[in-house]
1. State all residues of segment 447-466 that are of a type in the set (Gly, Ala, Ser), crowded, with 21+ Cβ neighbours inside 10 Å and more than 16 Å from the ligand (Cβ to nearest atom); if no residue qualifies, say none.
2. Could you tell me whether segment 326-343 includes any residue that is within 19 Å of residue 278 (Cα to Cα) and surrounded by fewer than 20 Cβ atoms within 10 Å (Cβ to Cβ)?
3. Anything in segment 135-168 that is within 16 Å of the ligand (Cβ to nearest atom), farther than 24 Å from residue 583 by Cβ, part of a loop (DSSP other than H, G, I, E, B) and of a type outside the set (Gly, Ala, Ser)? List them, or say none.
4. Pick out, from segment 21-134, the strands (runs of 3 or more DSSP E) lying fully within it that include 1 or more residues that are under 17 Å from the mean Cα position of the chain (by Cα).
5. If the Cβ limit is 9 Å and pairs must be 6+ apart or interchain, which residue in segment 124-153 that is at positive phi pairs with which residue that is assigned to a loop (DSSP other than H, G, I, E, B) and among the polar types (S, T, N, Q)?
6. Which residues, counting only those in segment 297-328, are within 15 Å of the ligand (Cβ to nearest atom), part of a loop (DSSP other than H, G, I, E, B) and not acidic (Asp, Glu)?
7. Across segment 51-107, which residue is nearest to the ligand (Cβ to nearest atom) among those that are β-branched (Val, Ile, Thr), out of contact with any Gly (no Cβ under 8 Å at 6 or more places or on another chain) and touching a residue at least 60 places away in the same chain (Cβ under 8 Å)?
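The values are calculated or read from the model by the stated rules, or taken from the named source; none is laboratory data. Nothing here was measured: the structure is a model prediction, and the numbers come from that model. Quick reminder, even Gly has a Cβ in these numbers, built from the backbone with ideal geometry, and neighbours come from all protein chains shown.
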Amino acid sequence: MTSFLNPAQQSFVEDLLSRMTLAEKVGQMTQIEKNSVKPGDLARLSIGSVLSGGGGNPEPNTPQTWRNMVSAFIDESLKSRLGIPLIYGSDAVHGHNNVHGATIFPHNIGLGATRDPDLLRRIGRATALEACATDVRWTFAPAVSLPQDVRWGRTYEGYGQTPEIVVPLATALIEGLRGDGWDTPTSVLPSVKHYVADGATTWGTSTRVKPGEEDNPDRTMLLAEMPEDRRTLALRGAWQIDQGDARISEDELREAHLPPYRAALEAGALNVMVSYSMWQGQRMHEHHHLLTGVLKGELGFEGFIVSDWEAIQKLHVDFDLCVERSVNAGIDMVMVPFDYEEFIESLTRLVGAGRVAQARIDDAVRRILSVKVYLGLFEQPHTDPALLERLGSAEHHALAREATQKSCVLLKNDADLLPLRPEGPLLVAGRWADDIGLQCGGWTVSWMGGSGPTVPGTSILDGLREQLGQQHIHFDPDASGAQKYPLGLVVLGEENYSEGTGDRHTLALTDEHLAVLERARARCERLAVVLLCGRPQVITEQVGDMDALLVGFLPGSEGAGVADVLTGHAPASGKLSFDWPLTQGDLNRAEAQGWLYRIGDGLSYPPQGRP
Ligand code: GLC
């Protein structure tokens with residue numbers, strides 16, 4: 001009995017289920033990454049879903065080529081014996097960010113600083129329209145992680161460190177993705193992730209590579225994709241906490257990390273993605289108690305659970321055991337994502353051997369079909385192509401700029417240095433002031449994002465020139481000139497990273513940052529600093545040299561929104577949603593002894609009239 005379906009829809013699902021072969025049922029439980037689909041297999045195997053992983057773009061990467069690609073996959077699925085439409089999934093985690101031309105919103109750490117559910121609802125709606133423009137009806141968002149140790153490379157995917165911050169914002173985003181109803185043609189299925197307590201893992205417990213195994217072939221292979229020297233990244237701490245073990249009590253799990261899921265389900269979320277991580281030493285992907293007992297049982301989740309990318313393969317060296325343990329634990333669809341025939345053969349074999357019950361298969365497929373029926377995919381497997389004109393629209397860019405303005409947090413402002421009111425020339429230093437790729441961060445067109453003009457948008461420097469005029473601004477990226485200034489602005493930022501590639505032993509300004517800061521400090525009577533970061537940084541020893549400090553986090557494609565706040569064309573209003581550590585010993589919130597700033601900190605000023 002699926003309560004979110006009406007009786008006619010329930011009958012439709014039961015009738016369809018009764019006519020499906022085991023092979024077709026197993027096909028519906030299979031999700032394949034788009035480059036791994038062999039021609040004709042979507043129809044032949046009745047595949048349930050295809051996805052784009054981070055950077056899984058068509059070439060060329062345009063909204064139209066995206067739509068052509070996704071629509072073709074859907075059309076092929078409709079040629080299956082029973083014509084069950086596939087659902088296409090993509091990580092639209094800060095806008096429809098894989099698509100070149102999409103609006104890129106601030107990452108969640110910045111949105112957390114807005115404390116503005118209405119804004120999140122509007123972002124969800126805009127993101128849904130841009131996803132639907134490309135025929136995508138499933139996004140792997142929102143992450144409802146509560147990152148407790150900010151050394152984690154996925155910290156920026158979290159809205160904040162407490163459920164009080166995360167719940168209202170994640171719920172609002174889901175409501176935005178829903179729009180007027182899940183059964184309306186521009187709703188997009190959210191995937192609430194990563195279940196559960198993905199942000200509570202302990203440093204050094206990453207199961208991908210153990211400490212001291214920097215030369216581990218697995219690490220070397222993983223870092224092979226990295227633009228940097230593999231070992232350097234490994235020694236910085238890559239893959240040391242991501243996918244690690246959450247060594248927390250059940251009380252803490254239930255009080256802190258479960259509430260966002262409860263709220264998401266109440267908001268109608270019908271998909272949950274499982275975390276790679278472990279809880280008390282057991283992997284989530286085989287955790288029957290938390291997947292079936294708690295999520296489906298206690299919380300009454302009636303949607304379907306999807307595994308993470310190649311996650312079940314990490315359960316055991318024997319693949320059949322991986323499939324048996326994950327499906328029996330409660331996973332309904334497996335993001336294989338490559339060798340789908342191996343998965344289909346394995347699960348079919350396990351059912352034949354009685355190691356996976358037919359009833360478990362029927363429950364999984366009933367859940368998948370019910371969501372597809374509820375989204376209206378059978379009646380309307382394609383979205384309206386006219387939505388393409390909404391993708392990257394001026395309206396959405398204006399919304400992104402508003403979000404960027406509201407995500408900025410003013411942490412220091414001696415003698416009201418900000419908003420800037422330059423009488424004479426203004427020195428602007430730091431290459432991050434004019435780099436849209438770096439201000440967007442990871443999960444932007446490619447998995448790790450890039451640098452330079454990667455997407456349409458505005459840099460902070462563009463915004464300063466718009467608000468203050470070209471003549472006043474002297475852009476000197478490394479502050480190596482000799483001229484002195486009454487007023488200077490330095491923009492510093494992190495390099496891009498995603499997932500475990502961003503795990504770091506320490507969070508400190510780099511030698512490059514310090515050199516630019518030192519040179520600018522020596523040349524400017526008064527100096528403001530903008531910090532673009534995906535997580536708190538330890539700046540205790542440097543903040544004294546700053547007359548003002550504004551944190552812009554990862555502002556997305558509209559860096560001009562940061563300039564709006566700097567120049568007073570928008571108010572300073574953001575409040576930290578993460579505690580800021582005092583020392584390198586305070587990076588794990590559970591063990592920290594001291595803080596530089598706390599959750600809720602943030603100075604403010606009203607919008608100023610035009611200078
Ligand atoms: C990744 C991430 C997950 C993402 C999925 C598909 O490994 O863990 O957040 O949704 O794979 O790209």
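1. From segment 447-466, those of a type in the set (Gly, Ala, Ser) are 449-452, 457, 459, 463; that's our starting set.
Retained after the next criterion (residues that are crowded, with 21+ Cβ neighbours inside 10 Å): 449, 457, 459, 463.
Hits for segment 447-466 are 457, 459, 463.
2. Yes, that holds for at least one residue.
3. Correct list: 136, 137, 140, 142, 144, 159.
4. The qualifying strands (runs of 3 or more DSSP E) are 49-52, 87-90.
5. Listed by first residue and then by second, the contacts come to 135/383.
6. Within segment 297-328, 307, 309, 311 meet the criteria.
7. 93
Rundown of residues vs (1) in contact with a strand residue (DSSP E or B) (Cβ under 9 Å, 6 or more places away or on another chain); (2) modelled with pLDDT of 95 or more; (3) over 20 Å from residue 154 (Cα atoms), yes/no style:
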residue	(1), (2), (3)
470	no, no, yes
495	no, no, no
526	yes, yes, yes
537	yes, yes, no
540	yes, yes, yes
547	yes, yes, yes
550	yes, yes, yes
576	yes, yes, no
